[in-house]
Each structure stands twice: as C-alpha cells, then as structure tokens.
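Take a look at the structure below.
The values are calculated or read from the model by the stated rules, or taken from the named source; none is laboratory data. Note that this is a predicted model, so its numbers are computed, not measured. All Cβ positions, even for glycine, are placed from backbone atoms using ideal geometry, and neighbour counts span all protein chains on display.
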C-alpha cells in the first residue's frame, strides 16, 4: 500500500494549524464547562438532599444523642461524603483547575462538610427565622463555592463565579 503525501502551501498549513488550535480550544472549553456544570449539579443534589432532610440537619445533635445506632450511620455517611468530596477536589487539581496541597484539600473537605451540614441551622440562627426557605439552597451553594474558589486558577474561578453569581434584581 502506497502512502500518499499531500504537499500544502503556506496558507493551507496555516489553516490546518488554526483549525487544530480551534479544535483544541473548543475541547478545553467544553471540558471546563462540563466539569463546572458537573460540580455545580453535584452541589445542587447535595443541597436538595439537605433541603429534603432539613428536619434532620436542623436538629442533628439531639437526634444523634437520642436515637440508638444513628451516630454510627451518620459517621458512615460523613465518611462517604468526605471520600467523594475529596475525589472531586483531587480531580480538580489533576485537571489543572485548582492549585492546592494535600493538606489544603483535607482542610477544604472538612470545611465543606461543616458548611453543608450546618448551613440551614446557620440561616435560621443568624437570620432569626423559624423556618428555612428553598432559596437558601442557592445561597448555600455560593458559600460552599467560596471555600474553594480562592484555590481555583483564574479562568476557572471566573467561570465558577459567573455560574454562581446572584441573579440581578
């Protein structure tokens, strides 16, 4: 089988190079957007869970003290969430999204758990409300993102900030 070699002039080579660069940039942008959307969708799911079980998280300490076996199950849940959260943060570092040391990621993972599990209680106490509202979910996501956004590289930080910005009005 003969190999065909196509000779291209300078314009054709330039077009091939430009198209290759555009394809690469498009792929990177799509990856970044999909990854950001995946992280934010995961956060939406977490806060939806917190909203659904808000009765539990608003009185978690009493329940853990009073309900036999619940403390162990809660620890198991906390460990599963810790492992999954750490894997997400590790993948953000591996993808070049974030600059963070292993110690920073450990601290971030712990702080993320604290914000997630105490967010609704915080809103009730600080805002002196009897109830929480579904709108508190979006605000919780903003606070959660604020934990790791300083570790993001500039392009990713700007993208995430745009995606989590408060709506105008």
Qualifying residue in region 119-136 (condition: touching a strand residue (DSSP E or B) at 6+ places or on another chain (Cβ under 9 Å), crowded, with 16+ Cβ neighbours inside 10 Å and modelled with pLDDT of 80 or more): no
Quick check on region 142-159. Is at least one of its residues modelled with pLDDT under 80 and within 16 Å of the chain's Cα centre (by Cα)? no
Among 65, 13, 73, which is modelled with pLDDT of 80 or more, surrounded by fewer than 13 Cβ atoms within 10 Å (Cβ to Cβ) and more than 28 Å from residue 129 (Cα to Cα)? 73
For region 83-106, does any single residue satisfy the condition of being within 27 Å of residue 132 (Cα to Cα) and out of contact with any helix residue (DSSP H, G or I) (no Cβ under 9 Å at 6 or more places or on another chain)? no
Since residue 112 meets every condition but one in (1) closer than 23 Å to residue 49 by Cβ; (2) at pLDDT 85 or above; (3) exposed (fewer than 12 other Cβ atoms within 10 Å of the Cβ), which condition does it not meet? (3)
Say whether the condition of being at pLDDT below 90 and surrounded by fewer than 16 Cβ atoms within 10 Å (Cβ to Cβ) is met by at least one residue in region 98-107. no
Taking the stated definitions as given, is residue 83 within 15 Å of the chain's Cα centre (by Cα), surrounded by 14 or more Cβ atoms within 10 Å (Cβ to Cβ) and within 17 Å of residue 45 (Cα to Cα)? no
